[in-house]
Structure formats: C-alpha cells, structure tokens
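Asks: Before we start, here is the structure in question, set down as structure tokens.
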Amino acid sequence: MKRNANIEQKYQKKYYLLIVFFLIVIPLFIFNACSENSNVDDPNHMLNLEPLKDQFNDYFSIGNIFSPSDIGSGKISNKRITHHYNFITAENDMKPDKINPNRGSYNFSTANSMVNSARASGLQVVGHTLLWHSQIPAWQRNLSTDNTSKATTLQYMKEYITRVVTEFKGRIYSWDVLNEAFPDGNYTSDWKTSMRKENPWFNKIGHEFVYEGFKAARLADQNTILYYNDYNLNMASKAKMVHDMVRDINLQWKTDSRYDGKNLIQGIGMQSHHNTGIPASQIKASLELFKPLGVIISISELDVLSQSWNEYSSNKTLTNEGKAKAASLYGEYFSLFLEYSDIIERVTFWGLTDTKSWRARAQPLPFDGKSTAKSAYFKIINALEAHKKK
Ligand code: GLA
C-alpha cells in the first residue's frame, strides 16, 4: 500500500507540474513575446489616460495637428485627438499650395471639411498659414523673379488673404498670418532688411508686406486672432528681430485710420521644434523679451528630438541618454510654460505619436508608436503636479 501511495503521489506531482506548465508558463511566454515584438499601435493606451486638455485646463489649451485621414462622417474620427486636445492645426491642408494652387483659383473643399469636422467635435482651429516661403504654389514663388510690379504684387497678396480669411470667417480661432519670415542668421540691426529673400512677398513688396498682410487679415475677419509664427525663437538674435517687428507693426497700426483698439499682431507662435541642446533658460529669455509687447504667446509646434541637432543631422543612432535628456527637457519646458501661463494661451504638439512625426527617427513626442506614454509624458505631468503645489 505504502509503495502504491508513493507512486500515486509522484504521478500527481508530475500531473500538477504539467498543468502549471501549459496553463501558466506557456501563455505567459507567448504574451511576453507578443508584447515585446509587437509594434501594434493601440489607441487605448492614450485613451486610458486623463485628457491632457483637462489636466492643463487652468493654465492653457493643448493642441495637436490633423490631416484628412483623421476625419470621417463630419467629425474628427481619431479618438486620440478628441480625447486629449482642444485645439487643432492642419498639418498641411491649409497651406498656400493646397488652398490657392493658381492665382484667383481656390481649393477649399478639404480644408472646409477639416475645419467643420474639428468644430463639430468641439475643437478650436488654428489657421496655418497664409504668408510663407515654403509649400507655396508656383504662381506665388514666381512673383520673386517675374516682372509683376510691386503694386500689382501687393494687390494680389491682399486679394489672396482677403479671400482665404473671408472663406473661413467665424470658424478660425487664430490665423498664423505670417510664417518664418526671418532666416536663421545674418540679421542686421533692422528687421526690415533682415527678412528671408526667398519669401516672394518680401522680395517684391519689401517689408511693408508684413503690415499690409496683417491689415488685410484684420479687415477680413475682426474676430480671429492674428499671429506671427516662427522657429528657433529661443535664439536671442532671432527673437530680437521678431520683437522689433511686432513692436513696430503694432505702433504703426495705432496711427491707421482703421485702428480698432487691438494690436494688429496679437500673438507670437514659438514653433519650438527643439532638440536636446536647447536649455529652458533660452526659451525663458525670449518669453521675458516678448512679455512687454503685450501680445499672447503660443507654443505652436512643439517636439523635442531625442538627440542634439548635430547628432540628428549626421544621422546618428539614438542613445538612452538622449532619450532621457529629451524627456527631462519636456518636464523643464512645461514648468516654464506653466510659470508663464499668464501670457501662454496654447501648447500644440506637432504630431500625435513618434511614428507619425515629421522627425520620426528621433522619437520627438511624448507618445511612442504604440500610443504608449513615454517618460516625457510623465515628466510633463510631474511638472504640472509640482506647479500646483507651489
Ligand atoms: C514648419 C511649419 C509647419 C511644418 C513643420 C514641419 O514648422 O510651420 O507647418 O511644415 O515646419 O513639419
């Protein structure tokens, strides 16, 4: 009997071990292998987080970008957008080449359905952008070199702005009227002679195009907020050019017979396409410079490369140090934005997840390609919690 009982116990033990192996160890192994190797984007990762727009509600709005694939049935169909953001900018579809392919002919259908869908989903829309040197149609680019006179070019510019702003009147919270008017360097002490030569409007009309362009936008829609938008505004020399331009244009407007008591340039968009070499102190210095102008600020196209500009442009592989640095910078930048939330009205990220970014290989956003919150996201939330305790 004793011998038989022993054999039975031995078999029972084996049997239990087999059950454990098939029911627990194998499934665990399979699950692990799947989650590690899968690059499946699961929107639920983002949808399960408290909406960013609610978390920052007391301080500023939170935006992102969208494209036609994010809309459907007259609404924004991408739930990650409607869950987290209350402001939206068209990544490409409201740019001059899309809206105004030929002089006097306009293609508003895609932009209109995007704007209407965003509004139907409760988001405010940023119009991006009217005057630029890039992503413009041939007819605008050619103005730089063809024999159209200065007066006629000015008339074309006013017609174009009036037509576009009127089309969207009452539906656009703010317009980026002028984008990237200054080059990366070679400034004189005078903004009027330091603008980008590739901008056809500057090239043919001269610096007056800025005043005339903003004025045409104001006259077309008195209620939309008019912005100047640019990158590298953390650079003291470039920030100084923008500061002087905004100051002078707003002074000139006060002497205009159409002056309406408001600034003509009401906002500065700091694009903020950053990298690990940009300390928050540089951005703070520019915010201090802009503050006395009495205009509002938006962080309009935020992303932070997980490497320095040199590493990125020489195609270096990402390192863990670089990723950690970008995450901490996100935290530092948000602490700063919160400190200046009396003048900052919006922070817009330029992309939903790393894989959707225009600089995808440097993983510049707070959410990875699976829509999972990265360390950058948690640094942002920590900055918010720390700010609330102050
Ligand atoms: C600039 C423009 C944006 C976009 C980004 C790159 O910042 O303002 O519209 O084109 O470059 O994606």
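Asks: At R0 = 35 Å, how high is the FRET efficiency between R247 and D97 if r is their beta carbon distance? Nearest 0.05 is fine. Intermediate results must be reported in sequence, preceding the final value.
Replies: Values: r = 31 Å, r/R0 = 0.90.
For R247 and D97, the calculated efficiency is 0.65.
Asks: Next question. Determine the gain in length on full extension of the stretch S67-T162; use 0.36 nm per residue of separation and subtract their C-alpha separation, reporting nm with one decimal.
Replies: Details: separation 95, 0.36 × 95 = 34.20 nm, distance 2.43 nm.
Result for the pair: 31.8 nm of gain on full extension.
Asks: Further, regarding this structure: Using the structure shown, select from K215/K240; K197/K316; K254/K291 the pairs with a Cα to Cα distance greater than 24 angstrom.
Replies: K197/K316
Asks: Which three extents, in angstrom, do the Cα atoms of the stretch 45-389 have along their principal axes, listed largest first?
Replies: Sorted from largest, the Cα extents of the stretch 45-389 read 55, 49, 42 Å.
Asks: Starting from 0.36 nm per residue, how many nanometres of slack lie between D58 and K75 once their C-alpha separation is accounted for?
Replies: On the way: separation 17, 0.36 × 17 = 6.12 nm, distance 2.63 nm.
Answer, rounded to one decimal: 3.5 nm.
Asks: With both bridge residues required to lie in the stretch 45-389, what share of the DSSP beta bridges run antiparallel, to the nearest 5%? Can you show the working numbers first?
Replies: Numbers: 4 of 37 bridges.
Here the antiparallel bridges make up roughly 10 percent for the stretch 45-389.
Computed from the coordinates by the stated procedures, all read-outs in this text should not be read as laboratory data. Bear in mind the structure is a predicted one, so any value in this text is a computation, not a measurement. Quick reminder, even Gly has a Cβ in these numbers, built from the backbone with ideal geometry, and neighbours come from all protein chains shown.
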